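First up is the structure itself, then whatever we jot down about it.
The values are calculated or read from the model by the stated rules, or taken from the named source; none is laboratory data. These numbers come from a predicted model, not from an experiment. Using ideal geometry, Cβ is built from the backbone for each residue, glycine included, and neighbour counts are taken over all protein chains shown. Side chains included, ligands, DNA and RNA excluded: accessible areas come from the protein's heavy atoms. Shrake-Rupley method; radii C 1.70, N 1.55, O 1.52, S 1.80 Å.
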Amino acid sequence: MPERRTVALVTLGCARNEVDSEELAGRLAADGWDLVEDASDADVAVVNTCGFVEAAKKDSVDALLEANDLKDHGRTQAVVAVGCMAERYGKDLAEALPEADGVLGFDDYADISDRLQTILNGGIHASHTPRDRRKLLPISPAERQDAAVALPGHAQETPAPAPEDLPEGVAPVSGPRAPLRRRLGTSPVASVKLASGCDRRCSFCAIPSFRGSFISRRPSDVLQETRWLAEQGVKEVMLVSENNTSYGKDLGDIRLLETLLPELADVDGIERIRVSYLQPAEMRPGLIDVLTSTPKVAPYFDLSFQHSSPSVLRTMRRFGDTDRFLELLDTIRSKAPEAGARSNFIVGFPGETEADLAELERFLTGARLDAIGVFGYSDEEGTEAVGYENKLDADVIAERLAHISQLAEELTSQRAEERVGETLQVLVESIESDEDGEVAIGRAAHQAPETDGQVAFTTREGLVPGRMVEAKAVGTEGVDLVAEHHELAEAAR
């Protein structure tokens, strides 16, 4: 019997990339590859890169170089780059980084097994020439569903094995856009692609050029994948895309998310549904109502504000201002006072004045956000903002970044303190060790994985990963909460 081929997937970047890695894992497992966690134990190390900002690109290059070092000692014979950075730069990345034995774009995903086998055998697969993927789909959203374009998370070609022949742990195919999927971990939380691409034209963002135009997945595929994840032990599903508020516009119903969420919440075994990546300008009363009133749907609002000064927002090709954003948050909290809200912001954007920065401070101070990400502006090639005048000096951007970051840290710590005394629904995710012993760690409804804070329990008694429990917040550690498990608290009375 020939020796089994082994592959390790190293994932960087956002939750969307994590889903893409699990799709690649499903395809590879279906074609007979053994998946291993440690790249040093694999014949091929596949690095799923991020191409969003300079820091993420550097991390991706570092990961590729680290994987390449394994070829000098151990089993690893080849290192392959996939993901956004590979798609965005293609042959340019291959030329600049000869340590990578292959640079594969999204169009290669359907044939990932053959591509890796070719590279493993010493062959060469020509890296693609980058192109604007927005131009691959029809301008009209309604015409995109039938387009034969590779879309990670929307696999269109049925893989060779019939569903009944798939290895254990691989999601079955249910339709033309339903991908194979193999979980790469045991977390009780998993992301599900709701859509891919973006039709917005923010002047600082290059993502649409390499992720393409917006296209929704069909509700039936989202539902089937969620049911499969529940069978795998998943308790919380996070819906991800570049813009969830646009879901359904290419399927003829911009309010499709409002009808899909209750159906997802009814899936047996699922305890919580979370929606990420919401555009403030596209929020509508019906969606707010569903997010704040549907059992098992987290009242969680990951709102992409980016700034609050109207002049900066217009330069970014975005909409809104401080007062409208605060009104939106007030509307949400009038329906669900405990609702979680988070956002990211860019400081130092071309033309940003001291008055603009003060306006952002006014918004942050009044917004009571649970989590705040702050980034200093940097040019992203291929974006409109690269050609803008009135660029700020790097030291000014760094100063503003430090100032707003410190303010954000103070404000989110204050917001965590406001939650002391609240009753929380906490999903236990892990048991960790510290100097005092083992600690149960989880997240409440207002805390998303990776990006937000977490909950540490005062005791781990009776708590195991995957269990949803009711708890009371009794303290804080920065943005994190300390909580007491209700059942134990009642037993002690």
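Here are a few things to note about the model shown:
- Region 367-455 - percent relative contact order, Cα under 8 Å, separation 6 or more: 28
- Share of carbon and sulfur in the accessible heavy-atom surface of the chain [1.4 Å probe, %]: 48
- Basic side chains Lys and Arg get +1 at the Cβ, acidic Asp and Glu get -1 at the Cβ, and with that the dipole of region 371-481 about its Cα centre reaches some 540 debye.
- Subtracting the Cα-Cα distance of Arg255 and Asn344 from 0.36 nm times their residue separation leaves 29.5 nm of extension gain.
- Note, ³J(HN,Hα) from phi for region 463-479, Karplus 6.51, -1.76, 1.60, rounded to Hz, x at Gly and Pro: 10, 9, x, x, 8, 9, 10, 8, 9, 10, 6, 10, x, 9, 9, x, 8
- Computed [θ] at 222 nm, helices only, for the chain once each DSSP H run of length n ≥ 4 contributes -39500 (n - 2.57): -9500 deg cm²/dmol
- Peptides 140-151, 18-29 ordered by packing proxy, namely the average of other Cβ atoms within 10 Å per residue, highest first: 18-29, 140-151.
- Per-pair calculated FRET efficiency, R0 = 45 Å: Ile431 and Glu327 via Cβ, rounded to 0.05: 0.60
- Computed from the C-beta positions of Glu417 and Lys58, the FRET efficiency with R₀ = 41 Å rounds to 0.70.
- Percent of beta bridges antiparallel (DSSP, the chain, rounded to nearest 5): 35
- Label-reachable residues, region 210-231, where backbone N falls under 17 Å from a point 7 Å from Asp146's Cα toward its Cβ: 216, 218
- Projecting the Cα positions of Gly26, Val80, Gly185 onto the charge dipole of the chain (unit charges on Cβ atoms of Lys, Arg, Asp and Glu, taken about the Cα centre) puts Gly26 furthest along the positive direction.
- P(r) histogram, all alpha-carbon pairs of the chain included - 20 Å bins from 0, percent: 22, 56, 21, 0
- The calculated FRET efficiency for Met468 paired with Ile124, based on their beta-carbon distance and R0 = 60 Å, is about 0.75.
- Subset of Lys249/Lys335; Lys91/Lys249; Lys249/Lys391; Lys135/Lys296 violating a 31 Å alpha-carbon distance limit: Lys91/Lys249; Lys249/Lys391; Lys135/Lys296
- Classification of region 393-493 by its C-alpha gyration tensor yields a prolate form. The axis ratio a/c (a ≥ b ≥ c) is 1.5 or more, and a/b outweighs b/c.
- Dipole in debye (nearest 20) - the chain, about Cα centre, beta carbon charges: Lys, Arg +1; Asp, Glu -1: 1620
- Spin-label pair Arg201-Asp114: with each label point 7 Å from Cα along the Cα-Cβ axis, the two points sit 3.8 nm from one another.
- Whole-number accessible area per residue in Å² for the chain, which is evaluated in the context of all protein chains at 1.4 Å: 42
- Additional length obtainable on full extension of the chain from Ala398 to Glu66, 0.36 nm per residue less Cα span: 116.6 nm
- Our estimate of slack between Arg284 and Glu231, defined as 0.36 nm per intervening residue step minus the Cα-Cα distance, is 15.8 nm.
- Oblate is the label for region 25-77. Its Cα gyration tensor axes, ordered a ≥ b ≥ c, give a/c of at least 1.5 and b/c at or above a/b.
- Residues whose amide H falls under 5 Å from that of Thr11, counting only those 5 or more places apart or on a different chain, are Asn48, with hydrogens built in the peptide plane.
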